[in-house]
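Right, one structure below, let's go through it.
The values are calculated or read from the model by the stated rules, or taken from the named source; none is laboratory data. In this text, all values refer to a predicted model and were calculated from it rather than measured experimentally. Note that we place each Cβ from the backbone using ideal geometry, even for glycine, and neighbour counts take in every protein chain shown.
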Amino acid sequence: MNWIKSLVEEPEVGKIYEGKVVGIKDFGAFVNILPGIDGMVHISKLAERRVEKVTDVVKEGQTVRVKITGIDERGKINLTMIGL
């Protein structure tokens, strides 16, 4: 039942998700939060401390908890790991 709900669920600002890191760039990490839906955690939102490299905090394939902080007009999802 939860799997079926996840297929039709729409991302909500303020909601916390558990997702898998699917990509890493110099500026942040991409996390799959729902089937077919990814968001980005900017390097400044990975931890409360200053992060030198994204890979110091997360690795590709790792499961992380993230919160949606915003969805822009083009549908891009901004995430944070701070405070979770």
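Observations
- Some residue of segment 60-74 being of a type in the set (S, T, N, Q) and touching a helix residue (DSSP H, G or I) at 6+ places or on another chain (Cβ under 8 Å): yes
- Residue check: V31 meets all listed conditions (1) out of contact with any strand residue (DSSP E or B) (no Cβ under 8 Å at 6 or more places or on another chain); (2) surrounded by 18 or more Cβ atoms within 10 Å (Cβ to Cβ) but one, namely (1).
- Taking each residue of segment 48-77 that is polar (S, T, N, Q) and looking for partners that are exposed (fewer than 12 other Cβ atoms within 10 Å of the Cβ) and assigned to a strand (DSSP E or B) with beta-carbon atoms closer than 9 Å, six or more apart or interchain, yields T63/E18.
- Taking segment 50-84 as the range and being assigned to a strand (DSSP E or B), touching a Gly at 6+ places or on another chain (Cβ under 8 Å) and among the aliphatic types (A, V, I, L, M) as the test, the residues that pass are V64, V66, I68, I77, L79.
- Which listed residue, of E48, E60, is touching a strand residue (DSSP E or B) at 6+ places or on another chain (Cβ under 9 Å), over 23 Å from I71 (Cβ atoms) and acidic (D, E): E60
- Comparison of A47, A29 shows that the only residue that is part of a loop (DSSP other than H, G, I, E, B), at pLDDT 95 or above and aliphatic (A, V, I, L, M) is A47.
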